[in-house]
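The values are calculated or read from the model by the stated rules, or taken from the named source; none is laboratory data. Just so it is clear, the model here is predicted, and its values are computed rather than measured. Reconstructed Cβ throughout: ideal geometry from the backbone, glycine too, with neighbour counts over all protein chains shown.
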Amino acid sequence: MELTAEQEKTAEMKLQTYLPLSQVVYGTLLLKSRVHADPMKVFVDNWPDFGVLVCKPTLEQETDFFKDIEIFVKDKAALEKTIRNSKIFDWTQLMCVGTDLDNTEIFKSVASEKQSLWRPLSLCHMMILKDLSCLPDVNGSGISLGSLNESHIQVVKQTWKFGQDGAVSMIQNMVKNFPSCCVLDAEGRPVSWVLTYASCAMGMLYTLPEHRGKGYARVVVCALAKRLYTEGYPVYCFIEEENKVSFQLFKRLGFTEDPSHRYTWFDFTPIAN
């Protein structure tokens, strides 16, 4: 069933009791309830005691590759039943899905049954800032801080690892609607930045090569973390397992992880007949 706005608020409170496993969908519902963003529907297998909760963005055009389906799973049997039988999952189309690593084998099995190719995209540490006092003091004197705007979308797209043309609408949504922070040069151009995803996770951290070594990444991460924390949002991020530099940066800034919890993304492509 699809949840109403009132039911989404109830689900949001329920999800708090399952943190950090529910961190992504909890952050998604929290951000969705507070700011304007691209349309998204929320489904559960049962109400009010759900075993699966699915956040599914509305795909408005064929190039919406990065509007991921995010899933919280409390009951693996309910997950298997949902992805096999529910119309929420259209196995005749390309789908990108994010979920806990423990659910991977269920998805692979059903994908094979549905004649859909499974492809892993990334496997990440989920790092959380539990207390604002964990952040170190960062000297931002002499640095011009601001937020990203629509004129910055192309430079963000060009420097993001997955920044193909299909990423433009997602980045535009992030820049227009969600908190961000950037260091600006003398001409007002961003040289270092970090954004917030629709799941409320901090991401797309990047510093232009010619401006590295100046501590800008620390400055923008700390500034955005303080803003999110002050406004009542969860403060967390995903770090790809091979990205040792970013992992150490966030660890030094007071972010911690639960080693038993990994989050992964994969996509499914229907096999041509």
Touching a strand residue (DSSP E or B) at 6+ places or on another chain (Cβ under 8 Å), among the aliphatic types (A, V, I, L, M), in contact (Cβ under 8 Å) with a residue 60 or more places away in the chain and more than 27 Å from Ser109 (Cα to Cα): is that true of Leu21 in this structure? no
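Conditions tested, residue by residue: (1) out of contact with any Cys (no Cβ under 7 Å at 6 or more places or on another chain); (2) in a strand (DSSP E or B); (3) over 23 Å from Arg262 (Cα atoms); (4) modelled with pLDDT of 95 or more.
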site	(1), (2), (3), (4)
Pro20	yes, no, no, no
Asp49	yes, no, yes, yes
Leu53	yes, yes, no, yes
Leu59	yes, no, yes, no
Ile71	yes, yes, no, yes
Trp91	yes, no, yes, no
Ser122	yes, yes, no, no
Among (1) at pLDDT 95 or above; (2) under 22 Å from the mean Cα position of the chain (by Cα); (3) surrounded by fewer than 23 Cβ atoms within 10 Å (Cβ to Cβ) - the single one Val221 does not satisfy: (3)
